[in-house]
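Quick note: the coordinates plus some simple rules give every number you see, no bench work behind them. Keep in mind that this is a model prediction, so the values were computed, not measured. Note: ideal-geometry Cβ built from the backbone for every residue, glycine included; neighbour counts use all protein chains shown.
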Amino acid sequence: MSPRPRRLLAAGTGLAALAAVAACAPQPSPEVAVRTFLLDWQAGVYEGAANQTNGDVDEVAEALEQAHAQLDLASIRFSLGGLEREGDSATAKFDATADLGIGDPVWTYTGSIPLSRDDSGWTIDWSPAVIHPELGADERLAVSYDVPDRGQIFDRNEEPLVGQDKVTAFGVVPADMEDKEEGVGALADLLEEDPGPLLNRVRSAPPEEFQPLVLMRQGDVKTSVEKKAKQIPGVETRQLKMRLNPKMAKAVIGEVAGTAEHNVSSRVTTAYQAGDTVGLNGLQNAFQQRLAGTATTEIVTLDGTGKQTGVLETWPGTESGSLTTTLDAEVQQASEAALELLPGKGYLVALDARSGEILSAAGAPGSVDNDGALTSEYQPGEAFTIVSAAASLQSGAVSSDDTVPCDQQVKVGDQTFTNPNNNGLWGTPDLALDFTYTCTTAFAGLGEKVGADALETAAADFGIGGDWRLSVPTFNGEFASPDSAAETAAAMVGQGQVKVSPLSMALVAGSVAEGAWHPPRIIAEGEDPGTDEGAEVEGPRELDPSTVKELRAMMRSAVEVSAANANVGVIPVHGQSATAEQKVDGKKTAVQWFVGYQGGLAFAVVAEVDPAQQWDQYATTAAGSFLQQLPFDYVEKLAGGEQQGGDTDSGADSADSAADPGEAIGQ
């Protein structure tokens, strides 16, 4: 039984009406003989069709059935053309429309049927040319595929991001397989694959050519499995090299398969030929057609030895193409190395603040299905004070040097807020000092004065919840407008209805560094216009220059005083750290953040930590490690030799003020 749906398409009214009364009786006219033959052939009633010919009924029926199987047709439909008659002979023309099946083209051609009349009536003069005019004696039909090699994915410096893998190809030589359905079924069962696409290819392939059906990485091939496969008549294995696994940024690049261990048939909804390479996720999936190209398909004729004797039809494929990303292999490697310091799960996203181009997106564990650097949903905690400080300044509620008390505890509405260290700041701390020490109570207490509208506007200015997207899945953040004073206070300190991803917070840092918010990109600009939609949906947005200057100073002070582990390099590091206790996958977790920038390099680090370990600054330490592992002068070169996000004098002044030991306690 064929795995493909067989669509028996209706013939024209005249064809059906005449054939209905013709049956197998000698035909009184050539029209009736031809129509009956074509209708039975179309319906798969091969013996009935053979009865309209002067050939051996069994041989003709077998030839018609084999032609259907050799092309692995989903359906075939005929329409009768003109008929020329001269005495006791006639020639009929017909048009054939052969559907080669899902994912394959439709073949149309014009055929010719010779007829003759004897005392019993009109019959078709049989030869293989009745099936197709160019099909000779002892020839058969086949479908040939020429599949292009899969294209490469590059970083911004043309460094290949996908490695060559040694692959074992399990395949068959169709001529050596007596029972194709049984043999292919046994191979599919052994490798836990869907037999459908495998059988489709074998049935329609040149019988003497090896057909690779299932690809497995050599390290995943068990000797016992390969041995059992070779015991199936007609099955062989061959060693190939193919681009399958990403070298780095696994979740972004994605994985390629055509392999049993990934059970492609259950994970890929689009049509594919057995042995094709299929991108399962990431950019490999998003740009599947471009990277894989399409096969050149040919209908060919073969002689009895399987040698090609002619080409009846060709459908040119498309060459595979490469893809250039905005990723930087050196930054990605530094990001992945920094995450090795974390006790568990974590992420690091780095980007070019000038353009929003993503330089790295790393996750721990670094598996192809861990795309949390772009998609994880977290509460940002006091890392969100970058946004709420901007709202406080822009709304006029407070200036950076206005006194804002930092008490140990504050109650707003029905909600009580407490500083993480359970202490406060003595004296008359101002907003800048509160930011430096991530004072929860100070920012929560400001909420009602700042107002929900101003806070929501600031969140939108920094792109949180904005209308931007990439070619791979992202979580753009979410800011639900507060309905009460308590909800506004919670939002000010990144709690409640505020959710962000590591990517969205890296964009926040980049906005301060550049003085403008840029939508992210992960495909190189101009590489394939319109394919990567990140920069087209929502354009760059300038931020208030005076607010940006104040934020830079506060973020510099925070690094010098509260996040010294991230204070690495000649160019000043600016940032904010935080810990937000929340449930992650149903488990209470301390989510640590460091959100910052150095020159034009903006980044966000997230570490999921056991609450009992939260006083160890894993995210901040990983941020410092990341900067240390970058190539020498990388940040300087990224900015073209010009320092970005400077205002270091202002930042230093703020740090000097914040570090006064008479001002702070419990830090």
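Each Lys and Arg adds +1 at its Cβ and each Asp and Glu adds -1 at its Cβ; summed about the Cα centre, the chain shows a dipole of about 780 debye. Beyond 19 Å in Cα-Cα separation lie the following of the pairs K499/K583; K180/K228; K228/K307; K250/K583: K228/K307; K250/K583. For the stretch 329-651, the relative contact order is 23 percent, taking Cα pairs closer than 8 Å that sit 6 or more residues apart in sequence and dividing their mean separation by the residue count. A simple count of charges around E236, restricted to other residues whose Cβ falls under 9 Å of its Cβ and scoring Lys, Arg +1 and Asp, Glu -1, yields +1.
Note on A175 and T296: the extension gain reaches 41.3 nm, defined as 0.36 nm multiplied by sequence separation minus the Cα-Cα distance.
Among 442-454, 547-559, 467-479, what's the highest-first ranking by average C-beta atoms within 10 angstrom per residue?
Numbers: 442-454: 22.5, 547-559: 25.6, 467-479: 19.5.
Top to bottom by mean Cβ count within 10 Å: 547-559, 442-454, 467-479.
Using θ = phi - 60° in the Karplus curve 6.51 cos²θ - 1.76 cosθ + 1.60, the 3J(HN,Hα) couplings for the stretch 392-402 round to 5, 6, 6, 6, x, 5, 6, 10, 5, 9, 6 Hz; x is entered for Gly and Pro. Here r is the Cβ-Cβ distance between V106 and T309 and R0 is 30 Å; the resulting FRET efficiency, rounded to 0.05, is 0.80.
Restricting the GluC sites (Glu not before Pro) of the stretch 147-207 to loop positions (DSSP other than H, G, I, E, B) with no more than 13 neighbouring Cβ atoms within 10 Å leaves E158, E178, E192. Starting from one equal scatterer on each C-alpha and no solvent at all, send me the Debye-based log10 I(q)/I(0) for the stretch 153-324 at q = 0.09, 0.20, 0.21 Å⁻¹, two decimals. Each listed q maps to, in turn, -0.34, -1.35, -1.42.
Net charge of the neighbourhood of V202, taken over other residues with C-beta under 12 Å away and scored Lys/Arg +1, Asp/Glu -1, is -3.
Do you know the relative contact order of the chain, to the nearest whole percent, from alpha carbon pairs under 8 angstrom that are 6+ apart? It would help to have the intermediate numbers written out before the result.
On the way: 1568 pairs, mean separation 70.4, N = 667.
Over the chain, the number comes to 11 percent.
Ranking P114, G48, A74 by Cα position along the charge dipole of the chain, where only Lys, Arg, Asp and Glu carry charges on their C-beta atoms, puts G48 farthest toward the positive end.
For the stretch 94-213, the equivalent ellipsoid built from the Cα gyration tensor has semi-axes of 42, 20, 12 Å, listed from largest to smallest. Close amide H contacts of D165 (hydrogens built in the peptide plane, cut-off under 5 Å, sequence separation of 5 or more or a different chain): M242, R243, L244, N245.
For K93 and D58, what is the calculated FRET efficiency with R₀ set at 22 Å and r taken between the beta-carbons, to the nearest 0.05?
Values: r = 27 Å, r/R0 = 1.24.
Given R0 = 22 Å and the Cβ-Cβ separation, E is 0.20.
Between the stretch 417-452 and the stretch 224-260, the C-alpha centres lie 57 angstrom from each other. Toward the positive end of the charge dipole of the stretch 153-324, with +1 on the Cβ of Lys and Arg and -1 on the Cβ of Asp and Glu, the farthest Cα among A292, G310, F210 is that of A292. Along the stretch 29-46 the Karplus relation, 6.51 cos²θ - 1.76 cosθ + 1.60 evaluated at θ = phi - 60°, assigns HN-Hα couplings of 8, x, 4, 5, 4, 5, 4, 4, 4, 5, 5, 5, 4, 4, 7, x, 8, 5 Hz to successive residues, with x for each Gly and Pro. Between the Cα long axis of helix 648-658 and the first principal axis of the chain there is an angle of about 60°, rounded to the nearest 10.
For the chain, the mean residue ellipticity at 222 nm estimated from helices alone is -9000 deg cm²/dmol, where every DSSP H run of n ≥ 4 contributes -39500 (n - 2.57) and the total is divided by all residues, rounded to the nearest 500.
Sorting 456-466, 496-506, 75-85 by average packing, meaning the other beta carbons within 10 Å per residue, from highest down gives 496-506, 456-466, 75-85. Per the Debye calculation on the stretch 329-651 with a single equal scatterer at every Cα and no solvent contribution, log₁₀ I(q)/I(0) for q = 0.09 Å⁻¹ amounts to -0.39. Restricting the calculation to alpha carbons of the stretch 13-137 gives Rg and Dmax of 13.8, 48 angstrom.
Taking every DSSP beta bridge that has both ends in the chain, the antiparallel portion is near 95%.
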